[in-house]
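To keep things clear, I will list the structure first and then write my remarks on it.
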Amino acid sequence: MLLLQVDMAFLIEKILLITVILFGSLGIAMYATWGERKVAAVMQDRLGPNRAGPLGLLQPLADGLKLFMKEEIIPDRSTKFLFILGPCLSMLTALMTSAIVPWGPDFVAASGHIFTLQVADINIGVLYVFGVVSLGVYGIMLGGWASNNKFSLLSSIRSASQAISYELPMGISLIALLMMTGTLSLREIVQQQHGFWADGYFSWNFFKQPLGFIIFLTCSFAELNRAPFDLPECESELNMGYHQEYSSMKLGFYLFAEYINLFVSSAILITLFFGGYNFPFMDQMATSLNSPILFTLICVLVFMAKVICMILFFMFVRWTLPRFRFDQLMKLGWKSLIPLALVNMLITAAVILLFFNK
Amino acid sequence: MGIYDIAFWILTVIAIGCALGVILSRNPINSVLFLIATFFAISGHYLLLNAQFLAIVNIIVYAGAIMVLFLFVIMLMNLNADVEPQKGRLVQLAGVVSGGALLLVLLAALRTAKYPTLESTPNEIGLIQNLGEVLFTQYVLPFEISSVLFLSAMIGAIVIGKKEDSTHSA
């Protein structure tokens, strides 16, 4: 057992970071539910939640408490183990993706120790996201099937086919981006987008891959099961969706996992296309501040501000566009987005080959 | 025993246990779930070998896509333990014979096989950049041929799927 010794400082640092990220994403997901209701209210000229606390800010706590207090019902004819496993898997996969998001730049403490604001910088970075996303569908599928309810089953099958169909254009649109960055590591992708302007052009990937961004964004709507692609939760056709038989906190887990997914995928979108924690004139700011901790903090705040803008965008779209029909959804995915993503990939490859071939 | 060995043994036990679960469980859904767990254990083994790309592709392709489709089919057909058809004696006998033949072939192949030990130095070949370079230079022809194979399988599936349609219209 001599070789079992691990770097305790490293372990503690990472565990602290994981705890902060975990509770941070839970908190943001909580207030995303509040935000969603407020945004909906404003867009529909209503007031929205305003009773619990100032501006209704305690509403998420009240909702959570309510879900905890509700009676736990497990349907008699359900497959019990899978019925319980479903929401657990949903929550697990929702939280797992945040491990590779670089939340801010490294900062060097006075002792020379380098703190990295990223849980794991892995060689396969972006592919890890795809791996977790492709597993995310299990929670919905197992839960829907185990409920022994035909509406739940229909909904989970819709969700799975939607997720599988939209993973393809998502992957292909990302290949074009990866051809430009030449790395899969999210950390390096962010570092390449340093500042705002480099070598006579914008450094953020959005300006280099606008079509790729639009395809990726569309696919993330579908992967998140959000309007206009929220077919698995189509109340008018499916009563409620895959979580119809769920009650109490299991239902809460499903609903909550969606908001965590919303937060994490916004973070990934910002990291890939909008420069992560980078902002214009960051170098000038770093030198004038002369305090690495403060600078890192500002970077994290900038990143969070961008992520919140992205979440707001997702919400605006939800309350603006009507829902697609299922065949329209499939047609859009297979007949428009995949060819478009392939063309985008081809153009990117040609441009790189002709102009940037060193 | 270092942490590497401990991880290896835990993963091995999970992989073999879940693989047994696949063939021993009566409910097809449980079989699929055991198979997914097996894929995860094998991906863990790839990670131990520092083959990160292989590990994640194994999860994306097998656990994330193919198994979802398996689950899909099983859910749509609503297969359950009690509706599983009993196999006839002849089919069982055929299974035993073919399984025994496979065992024989495997034994014959493994009898003379060499087991080179893994280098203890970190091996970088499994990282995506090295793997890509090898695939697109040294093995470019087999790589492209296998992708053509996949394409033909895809077209074949579409042709079979379309067949009924054309007879109706004709």
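For chain A, what is the calculated [θ] at 222 nm in deg cm²/dmol (nearest 500), taking -39500 (n - 2.57) for each run of four or more DSSP H residues and dividing by its residue count?
On the way: 14 runs with 232 residues, N = 358.
After summing the helix terms and dividing by the residues of chain A, the value is -21500 deg cm²/dmol.
Reported value for the range A:102-145: 85 Å³ per residue, from the convex hull of its C-alpha atoms. A DSSP coil position with no more than 14 other Cβ atoms inside 10 Å describes the following trypsin sites (Lys or Arg not before Pro) in the range A:255-348: A:325. Legend: distances between Cα atoms for A:38/A:66; A:150/B:87; A:80/B:87; A:150/B:162; A:150/B:163; A:38/A:306; pairs beyond 21 Å are A:150/B:87; A:80/B:87; A:150/B:162; A:150/B:163. Per-residue ellipticity at 222 nm, computed for chain B from helices alone with -39500 (n - 2.57) per DSSP H run of at least four residues, works out to -24500 deg cm²/dmol. Rounded to two decimals, the Cα-based Rg/Rh of chain A, with Kirkwood Rh, is 0.98.
On C-alpha positions alone, give me the angle between the axis of helix A:59-69 and the longest principal axis of chain A, in degrees, nearest 10. That helix lies at roughly 50 degrees to the long axis. For A:204, A:34, the ranking by accessible surface with the largest value first comes to A:34, A:204, using a 1.4 Å probe. Of all aspartates and glutamates in the structure, the ones whose alpha carbon falls short of 19 Å from that of residue A:335, not counting any fewer than 8 places away in one chain, are A:167, A:223, A:327.
For the range A:80-116, the residues whose backbone nitrogen is under 15 Å from a point 7 Å from the Cα of residue A:293, taken along Cα to Cβ, are A:107-116. On a per residue basis, the range A:75-356 carries 41 Å² of accessible surface, using protein heavy atoms and a 1.4 Å probe. Summing Cβ point charges (Lys, Arg +1; Asp, Glu -1) relative to the Cα centre of the protein assembly as shown gives a dipole of roughly 860 debye. Exactly which trypsin sites (Lys or Arg not before Pro) in the range A:15-82 are in a DSSP loop and have at most 10 other Cβ atoms within 10 Å? Taking the range A:15-82 and a limit of 10 other Cβ atoms within 10 Å, the loop trypsin sites (Lys or Arg not before Pro) found are A:51, A:77.
Scattering from the range B:7-78 was approximated by placing one identical point on each alpha carbon and applying the Debye formula without solvent; log10 I(q)/I(0) at 0.13 1/Å stands at -0.38.
In the range A:84-125, the residues whose accessible area drops by at least 40 square angstrom when the other protein chains are added to the isolated chain are A:123, A:124; the probe is 1.4 Å and only protein heavy atoms count.
Averaged over the residues of peptide B:51-63, the number of Cβ atoms from other protein chains lying within 10 Å of each residue's Cβ is 4. Which residues does the label zone of residue B:8 cover in the range B:28-51, counting backbone N under 20 Å from a point 7 Å along Cα→Cβ? Flagged as within label range: B:39-51. Sequentially through the range A:190-202, phi angles give Karplus couplings (6.51, -1.76, 1.60; θ = phi - 60°) of 5, 5, 5, 9, 4, x, 9, 9, 8, 6, x, 8, 4 Hz, Gly and Pro residues having no value and appearing as x. Only protein heavy atoms count here; under a 1.4 Å probe, residue B:144 has an accessible surface of about 80 Å². The local environment of residue A:17, defined by Cβ-Cβ distances under 15 Å, has a net charge of -2 under the rule Lys, Arg +1 and Asp, Glu -1. Summing Lys and Arg as +1 and Asp and Glu as -1 over all other residues whose Cβ lies under 14 Å from the Cβ of residue A:298 gives a net charge of 0.
The values are calculated or read from the model by the stated rules, or taken from the named source; none is laboratory data. Please read all numbers here as calculations on a predicted model, not as lab measurements. Cβ: placed from backbone, ideal geometry, glycine included. Neighbour counts: every protein chain shown. All accessible areas refer to the heavy atoms of the entire protein, side chains included, with ligands and DNA or RNA removed. Shrake-Rupley method; radii C 1.70, N 1.55, O 1.52, S 1.80 Å.
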